[in-house]
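What follows is calculated from the coordinates using simple rules that are stated; it is not laboratory data. Predicted, not measured: the structure shown is a model, and the values here were computed from it. Don't worry about glycine lacking a Cβ; one is built from the backbone with ideal geometry, like all the others, and counts go over all protein chains shown.
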Amino acid sequence: MKSLFTGSVVKSFVQLQELGIYWCSQMEYIVAKEEEEGKKSTERIEFPKLKHLCLNDLPMLRSFYPNSDNVAIESLFHRQVLLPSLEMLELLGKNKVHIVDCHMQVGSFDQLRYIFVSDCGLLNLAAAAQLELFRSVQSIRIEGGDALEVVFDLEGLKAKGEQAEVILGQLESLEIHYSSNLMRIWKMVPKGLQGFHNLKTLQISYCGSLRYLLSPVMVNLLVNLRDLRLVNCEMMEEIIETGQGYPEIRIMDDIVTNQEGEEVIVFPRLSRLVLFNLENVTVFYSGKCGLQFPSLDQVHISNCPKLKFFCSGPLCTPKLERVNTSKDQWLCMRDLSTRDIECVWMGDLNKTVQHI
């Protein structure tokens, strides 16, 4: 079966709210195009009330609906596909299609709140020009996918001060797990970027090629980040890179200064930090800027044998009174404030890390 519906049949599904398609090895389109004799069809298809779409293991899938535009690479969604009520999108299995193309109108996915991608052949979630389509998304979860090298490719995005587009301004949770070839979360972050300011939870695990997580400019954007967990990323060397790790990738950073004029990197709301089983991480940040964590009160550091100190500059953690050092990975998912399990404290975080 190469398609599920025809364009004329779709008109009968105006009340359809959930659509799941699983394990169809020959499917190329969800909706097949019907061309009138002697005419090229430019019909748009619409599922006006569809809220949940799940596509699982469709290795031959080319697009939701054939695109009449002359494009080199087809995408799952384009301007002839209208899903105005879509809230949840799940792409699982061997789907290799791009999610959106560059011709879709902003507002096409204004109800979309949740994206789950697992074991797909995507090189990135979306290019810079397409990210604005996901402006209402609140949660993104990515699992597997050996082709994934970058999640947010911002190359070519122009930040224009007050006129700048806000990128993923509603995103609250980002989870990435088992992506073995992932090299960067954010690539080519432009100076003056606006976005990601509502991100509260960032969880990364089993991403074996990821060497650095953040640049200072990204820290400055993550003003609401509360929960940061890094687990089983064996190539991770440093959490905040200083710009030396990837000379082929240009990073443009703004550094904040405090009232004394000192350069500082601030995590204003981060309350929980987990660094677990990072066998090559040597430091959280090796630059000269100070680090400030005014809200940090839960820290779990374990199985990081090369971590000899937390940072080289001034460090401020006024609420932190202990560090959990349990080797039980299950505890990474618990509220660390509930129990004192194998906790260590030597007066400050740097001294404690040296003692662990």
Run lengths n ≥ 4 of DSSP H only: what is the helix-derived mean residue ellipticity at 222 nm for the chain, with -39500 (n - 2.57) per run over all residues, to the nearest 500?
-1000 deg cm²/dmol
Give the residue from Ser108, Val344, Val231 lying farthest towards the positive end of the charge dipole for the chain; charges sit on Cβ (+1 for Lys and Arg, -1 for Asp and Glu) and the dipole is referred to the Cα centre.
Val344
Modelling each spin label as a point 7 Å along the Cα-to-Cβ direction, I'd like the Met1/His177 distance in nm, to one decimal.
3.0 nm
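Grab the Cα-Cα distance for Lys200 and Val223, subtract it from 0.36 nm times how many residues apart they are, and report the gain in nm with one decimal.
Result for the pair: 7.4 nm of gain on full extension.
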Rounded, prolate or oblate, given the Cα gyration tensor of the range 67-205, with a/c below 1.5 counting as rounded?
rounded
For a quick check: sort Lys306, Lys51 by the number of other beta carbons within 10 angstrom, fewest at the front.
Lys306, Lys51
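Note down the magnitude of the dipole of the chain about its Cα centre, charges +1 on Lys and Arg C-beta and -1 on Asp and Glu C-beta and zero elsewhere, to the nearest 20 debye. Walk me through the numbers before you get to the answer.
Numbers: 36 positive and 45 negative charges, 60 e Å.
My answer is approximately 280 debye.
Going down the table (Lys51/Lys200; Lys33/Lys187; Lys288/Lys319), which pairs top 29 Å between alpha carbons? Working shown, then result.
Details: Lys51/Lys200 25 Å; Lys33/Lys187 37 Å; Lys288/Lys319 23 Å.
Correct reply: Lys33/Lys187.
So what is the relative contact order of the chain, in percent, for Cα pairs below 8 Å that sit 6 or more residues apart? If you can, show how the numbers build up before the last one.
On the way: 952 pairs, mean separation 29.9, N = 356.
Over the chain, the number comes to 8 percent.
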